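Peer 1: For reference, the structure I am asking about is given below.
The values are calculated or read from the model by the stated rules, or taken from the named source; none is laboratory data. Owing to the predicted nature of the structure, the values given are computational and were not obtained by experimental measurement. A quick note on method: Cβ atoms are made from the backbone with ideal geometry, for glycine too, and the neighbour counts reach across all protein chains shown.
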Amino acid sequence: MMPIVEMKDLSMQWGGFPVLDKINLNMQPGERLAVVGPSGSGKSTVLRLLAGLLLPTQGEIRLFGESQTYLRLDQGHPPDVRLVFQNPALLGSLTVEENVGFLLRQSGQLSDKNIHDRVMSSLEEVGLYDVADKFPGQLSGGMQKRVSFARALINEPSRANKNDMPLLLYDEPTAGLDPVACTRIEDLIVKTTKLVNGSSIVVSHVLSTIERSANRVLILYAGKFQWEGSIKEFKESDNPYVKQFRTGSLQGPMQPADH
């Protein structure tokens with residue numbers, strides 16, 4: 001099958017500082033990847049490049065077999081990539097229902113009843129069918145995250161005949177949540193990806209999130225993918241990068257930039 005994501009010798013620099021250095025990635029349909037590594041290693045940059053929010057300094061990105069050469073806002077028909085931010089990014093002046101259905105209303109292609117039905121179905125999938133009339137400020141942090149997942153489930157009418165397997169990007173989806181809320185979100189990552197018949201990439205520092213939501217792991221450090229393998233290999237590997245990340249040890253190849 002055609003890869004969902006292809007990165008070829010991809011580089012990204014900030015003010016002459018290399019954040020990503022000729023990285024390569026091939027992701028197959030239905031895969032769930034976790035990109036992990038120390039803070040500041042470029043993980044979120046990978047997501048923003050895939051979402052079309054940044055352009056690489058060098059190299060090529062292909063999504064669904066098509067080379068990406070423009071920012072998302074410059075594309076007439078951007079690929080179906082859905083970014084779930086670390087912050088739920090909900091509009092405080094809109095109700096939950098209005099937030100989830102925002103893009104559907106903007107498209108102007110559906111009736112109010114159709115939008116309402118789609119929104120309520122998405123909210124029910126994430127266990128929030130009874131909060132549609134509430135405002136984000138009335139919800140807990142975990143509930144706000146689940147609202148953002150409901151928003152990611154919404155299919156825009158203009159994509160009815162486009163990519164059958166959207167790419168979902170999750171940026172630190174369980175940051176700041178208690179263990180029980182983490183488990184709920186981790187289960188939702190898997191469920192949401194399956195519901196849209198998609199593929200997903202998760203950036204996270206939380207071991208339970210990595211192990212529960214992904215089936216392949218890549219460790220990013222010093223601008224390159226230093227290791228990749230299955231979840232089973234991630235749990236058992238003696239690779240120094242894997243061991244240091246898994247144990248949180250100060251001893252190992254990953255050191256602060258000013259070390």
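Peer 1: Report every pair of residues separated by at least 6 positions or lying on different chains whose Cβ atoms are under 6 Å apart, first residue within the stretch 124-140 and surrounded by 13 or more Cβ atoms within 10 Å (Cβ to Cβ), second among the acidic types (D, E) and at pLDDT 90 or above.
Peer 2: If the second residue must be among the acidic types (D, E) and at pLDDT 90 or above, the pairs left are A132/E97.
Peer 1: Okay, next question. For the stretch 166-253, which helices (runs of 4 or more DSSP H) that fit wholly inside it have 2 or more residues that are surrounded by fewer than 23 Cβ atoms within 10 Å (Cβ to Cβ), among the β-branched types (V, I, T) and over 14 Å from the mean Cα position of the chain (by Cα)?
Peer 2: Here the list reads 179-195, 240-247.
Peer 1: Which of the residues that make up the stretch 87-111 are under 17 Å from F149 (Cα atoms) and touching a Ser or Thr at 6+ places or on another chain (Cβ under 8 Å)?
Peer 2: Correct list: P88, A89, L90, V100.
Peer 1: Take F64 and tell me if it is aromatic (F, W, Y) and touching a Pro at 6+ places or on another chain (Cβ under 6 Å).
Peer 2: So F64 fits the description; yes.
Peer 1: Now a separate question. Note down all Cβ pairs under 7 Å where the first residue falls in the stretch 54-65 and is free of Cβ contacts under 8 Å to residues at least 24 places away in the same chain, the second is hydrophobic (A, V, I, L, M, F, W, C), and they're at least six residues apart or on different chains.
Peer 2: Pairs that qualify, where the first residue is free of Cβ contacts under 8 Å to residues at least 24 places away in the same chain and the partner is hydrophobic (A, V, I, L, M, F, W, C), are L55/L71.
Peer 1: Could you please give the count of residues in the stretch 109-145 that are part of a helix (DSSP H, G or I), of a type outside the set (A, V, I, L, M, F, W, C) and either closer than 26 Å to V190 by Cα or in contact with a strand residue (DSSP E or B) (Cβ under 9 Å, 6 or more places away or on another chain) (or both)? Talk me through it step by step, then tell me what you get.
Peer 2: Our first condition is that a residue be part of a helix (DSSP H, G or I); within the stretch 109-145, this holds for 112-125, 136-138, 141-145.
Next, from what is left, pick out any that are of a type outside the set (A, V, I, L, M, F, W, C): 112-114, 116-118, 121-122, 124-125, 136-138, 141-142, 144-145.
Of the ones still in play, those that are also either closer than 26 Å to V190 by Cα or in contact with a strand residue (DSSP E or B) (Cβ under 9 Å, 6 or more places away or on another chain) (or both) are 116-118, 121-122, 124-125, 136, 141-142, 144-145.
Matching residues across the stretch 109-145 total 12.
Peer 1: Of everything in the stretch 154-165, what is part of a helix (DSSP H, G or I) and either farther than 23 Å from M27 by Cα or at pLDDT 85 or above (or both)? Give them in sequence order. I'd like the intermediate steps shown before the answer.
Peer 2: Keep residues of the stretch 154-165 that are part of a helix (DSSP H, G or I), which gives 157-159.
Residues satisfying the conditions are P157, S158.
Peer 1: Every residue in the stretch 98-116 that is touching a helix residue (DSSP H, G or I) at 6+ places or on another chain (Cβ under 9 Å) and small (G, A, S), please.
Peer 2: Matches in the stretch 98-116: G101, S107.
Peer 1: Taking the conditions exactly as written (touching a Lys or Arg at 6+ places or on another chain (Cβ under 7 Å), within 30 Å of E211 (Cβ to Cβ) and of a type in the set (A, V, I, L, M, F, W, C)), does I115 satisfy them or not?
Peer 2: When the stated conditions are applied, I115 does not pass them.
Peer 1: Then there is this: Picking from S39, S67, S93, which residue would you name as being of a type in the set (S, T, Y) and within 19 Å of the chain's Cα centre (by Cα)?
Peer 2: S39
Peer 1: Within the stretch 60-113, take every residue that is among the small types (G, A, S) and under 23 Å from L128 (Cα atoms) and give me the one that is surrounded by the most Cβ atoms within 10 Å (Cβ to Cβ).
Peer 2: G101
Peer 1: What residue, among those in the stretch 1-35 that are free of Cβ contacts under 8 Å to residues at least 40 places away in the same chain and over 26 Å from M165 (Cβ atoms), is surrounded by the fewest Cβ atoms within 10 Å (Cβ to Cβ)?
Peer 2: Restricting to residues being free of Cβ contacts under 8 Å to residues at least 40 places away in the same chain and over 26 Å from M165 (Cβ atoms), the top hit is G15.
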